[in-house]
Amino acid sequence: MTRRSFGRGHKAQSLYTYLWIVPQAYDFSVSGDTPSSGCSDRRKTLRTLKQGAVMTVEKIVGLIGIAIAILSAFVTIPHVFTILVVAGLIVGFSIAKADHVRLILTALALFLFAPNFGTAPVVGKYLAPILMSGGYMAMGASLMAILRNLYERFSPGAKPAAS
């Protein structure tokens, strides 16, 4: 088996070495997760980089939603509203309670101000649809935050509201 070197400006490494080192840079286990445990957080945590960045399902869906919002300004995507609202619902599930009001105001602001960017000379015809599509995603996330608040307020065992 021959080894081929690659890379410019770096110490040349063989493909075998590269394929061995790169998987070692990722930690695919969930913290506190052993092979015999129930893996309850596996749904939320896909992988943890050694630098401490966590990629969750919500982050990945959010990034895909942003990409779809940008792409929808250039290409016609069928059912883009539904796709972005569903992506927003998924993303909104992980928003902290302290950020709910900020999220709702962001969705409102995007819907109010996005059409105004359409008058910009060159980029307006692209910027307005991108911001409006971002508003669709923020609307879905806001809806999830509102539904979570309603559920926590009216679920059995909820604390009564202070009057």
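So for each of 106-119, 70-83 I average, over its residues, the number of other beta carbons within 10 Å; can you give me the resulting order with the highest mean first? Walk me through the numbers before you get to the answer.
On the way: 106-119: 14.8, 70-83: 12.9.
Top of the packing list down: 106-119, 70-83.
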Placed amide H near residue 55: partners under 5 Å, 5+ positions off or other chain: 46, 47, 49
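Bear in mind that the values in this text are calculations on the coordinates, not laboratory data. Model, not experiment: these values are computed from the prediction. As a convention, Cβ positions derive from the backbone with ideal geometry for all residues, glycine included, and neighbour counts pool all protein chains shown.
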